[in-house]
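Heads up: the structure comes next, in structure tokens.
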């Protein structure tokens, strides 16, 4: 059956037949066909060097189907090795070398967009066939025969980035995470030293284009009113579950890619802080399996004007400047609103980890606190009865650090709930602490409504004490409470170095005195806990009784 599966020019390969036949075979039957599968795999690799494009397309699609089909049969009880079944142990290294070289040549060549798209999909298929990427032994050959430069070339050219940037960034993020703590990963090493401006811009533009799109979709949803909501609801009725799952996974992959970029290479943080975002050259996650875009899209990209000079943007009062960091902050304001299910919780956690990397970077802090670089950042806020809608509230132009603090305050105020996201609160307070430490160190007097932050922190302490019985069974709430108290101590001890006016200091003491009962109760609760702990240590029998 397998030998009868030909890859010829001018004929479309029958993938459904191959996949159906592989599904019907059990492990033993598959092992009997090992030689045939090895030959088919080798035949596909050889076909990648053919001149006929249909032959190459057939080979790529066949390899995808073959890899998926064999991996689906790979269960603990099956008793066969994937590499041996696909390629044979004795020839695996040579065949994977030839495969990676062919894919590298196709990605860097002048072939069609659909061909490059299939190459990336084959690579993604290779990477994602196992639930745990570090258990995918085939990736050892992908590490040895690196395609890092080919991926960067796709991302550094605007036209190819628009068509293939999304898959390229997801692929790069996955490869970077292969056994990253167990061995030397060449993709981590190479990503950490990237300094080419076009490549840096390409990676960041690709990563954050989805963030920008999701924020705009959310804005349109809010502004659209009743009929927009109805049409959105009706449209969602026709979306398949499989498509929803794909979008969920790719969103997390995009955030993971952004984290790896800013964590491994500070040059990416520099790109985040650049002023003036062109609306062109930002890729879209594919809406279907069709690769490429229409010719009209290509024309609009080629004819797009150059990016305005930074100085021109700043001098023109009618132009609202922006940068990639603003896009990310807006996206975070949506992601961090709802953390009830595991996926959204993980997305919010990734957002806060990325913000932590930014808050730790000296250059990023310099830009965030630059009083000459002011922006209006329209964060998405959760609707609450006791405050006005965000649309009714005028947004002042301020340094970007104010938007980061607003985001942290917003999260603290809106997530005091039964399913308390303890680790997210810890990260929020840590981010605020890092920003305050920079202001203290550099004596930056930030004109910010500090009372909102102080109020949020005090309310957080009240919540922890009110729900002490429930929360103590799950978390060490004293760790978070201590972080909040330490933050207030920084304000009290060093506030004269970074608070903008003496009135701000007065407001700080007023809030502390006004809410002194909260701090008194916290002190009493800590004392009671300490006495109880000492009693258990000294008199274990009495503690049990």
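The values are calculated or read from the model by the stated rules, or taken from the named source; none is laboratory data. Since we're looking at a predicted model, the values are computed, not measured. Please note: Cβ atoms are built from the backbone with ideal geometry, for glycine as well, and neighbour counts cover all protein chains shown.
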Kindly list, by first and then second residue, each pair from a residue in region 14-37 that is farther than 18 Å from residue 61 by Cβ to a residue that is assigned to a helix (DSSP H, G or I), limited to pairs with Cβ atoms under 8 Å and residues at least 6 apart or on different chains.
30/22; 30/37; 30/70; 30/85; 31/85; 34/84; 34/85
Test of understanding: among 437, 402, which residue is modelled with pLDDT of 90 or more, assigned to a helix (DSSP H, G or I) and within 22 Å of residue 334 (Cβ to Cβ)?
402
Restricting to region 165-196, give me the number of residues that are in contact (Cβ under 8 Å) with a residue 40 or more places away in the chain and assigned to a helix (DSSP H, G or I).
18
Scan region 477-487 and tell me whether some residue there is more than 30 Å from residue 369 (Cα to Cα), under 39 Å from the mean Cα position of the chain (by Cα) and in contact (Cβ under 8 Å) with a residue 12 or more places away in the chain.
yes
So for region 340-352 (the condition being at pLDDT below 90 and outside any helix (DSSP H, G or I)), does at least one residue qualify?
yes
All conditions in (1) surrounded by 22 or more Cβ atoms within 10 Å (Cβ to Cβ); (2) at pLDDT 90 or above; (3) under 23 Å from residue 274 (Cβ atoms) are true of residue 324 except (2)
Exception for residue 461 within (1) in contact with a helix residue (DSSP H, G or I) (Cβ under 6 Å, 6 or more places away or on another chain); (2) at pLDDT below 90 falls at (2)
Would you confirm whether or not region 379-396 contains a residue that is within 20 Å of residue 334 (Cβ to Cβ), touching a strand residue (DSSP E or B) at 6+ places or on another chain (Cβ under 7 Å) and either in a helix (DSSP H, G or I) or at pLDDT 85 or above (or both)?
no
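Quick grid of which residues meet (1) surrounded by fewer than 19 Cβ atoms within 10 Å (Cβ to Cβ); (2) closer than 19 Å to residue 124 by Cβ; (3) modelled with pLDDT of 75 or more:
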site	(1), (2), (3)
3	yes, no, no
12	yes, no, no
27	yes, no, no
34	yes, no, yes
47	no, no, yes
52	yes, no, yes
84	yes, no, yes
Can you pull out every residue in region 107-121 that is surrounded by fewer than 22 Cβ atoms within 10 Å (Cβ to Cβ) and in contact with a helix residue (DSSP H, G or I) (Cβ under 8 Å, 6 or more places away or on another chain)?
108, 111, 112, 113, 114, 115, 117, 121
From 487, 522, grab the single residue that is crowded, with 16+ Cβ neighbours inside 10 Å, at pLDDT 95 or above and not in a loop (DSSP other than H, G, I, E, B).
487
Which condition from (1) without any contact (Cβ under 8 Å) to a residue 60 or more places away in the chain; (2) within 29 Å of residue 346 (Cα to Cα) is the one that residue 458 breaks?
(1)
Given the conditions (1) crowded, with 18+ Cβ neighbours inside 10 Å; (2) free of Cβ contacts under 8 Å to residues at least 12 places away in the same chain, every one holds for residue 57 apart from (2)
